[in-house]
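The structure under discussion appears below in the form of structure tokens.
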Amino acid sequence: MPQRKAFPLRIDAELYAALRRWADDEFRSMNGQIEYLLRDALRQAGRLESEHRLPSDANSQEAADERKTPRQDQR
């Protein structure tokens, strides 16, 4: 498992409340939601060196969609 770094994050109260609601909607912790959003932004920008999946990614909408979509090789 990759090493994790801890650091304080100061954000606007309104932004925090919006992130909290979103995290709750997706059944993630606040930390997990922030990490998911940052990882997704890095992936989209092509700046993520490794594509390993973390446990917080397991609840992502993308992962849920993958589970719902039938595989091409299955009949």
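The values are calculated or read from the model by the stated rules, or taken from the named source; none is laboratory data. Treat the numbers as computed from the prediction; the structure is a model and nothing was measured. Cβ coordinates were reconstructed from backbone atoms using ideal geometry, including for glycine residues, and neighbour counts include every protein chain displayed.
Out of the residues in the stretch 33-48 that are over 15 Å from residue 8 (Cα atoms) and under 8 Å from the mean Cα position of the chain (by Cα), which is surrounded by the fewest Cβ atoms within 10 Å (Cβ to Cβ)?
Among them, the one singled out is 38.
If we scan the stretch 39-55, do we find a residue that is within 18 Å of residue 6 (Cβ to Cβ), in a helix (DSSP H, G or I) and at pLDDT 60 or above?
yes
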For the stretch 1-38, how many residues meet the condition of being of a type in the set (A, V, I, L, M, F, W, C) and in a loop (DSSP other than H, G, I, E, B)? 6
Just give me the residues in the stretch 12-28 being surrounded by 14 or more Cβ atoms within 10 Å (Cβ to Cβ), free of Cβ contacts under 8 Å to residues at least 12 places away in the same chain and not aromatic (Phe, Trp, Tyr), in sequence order. 23
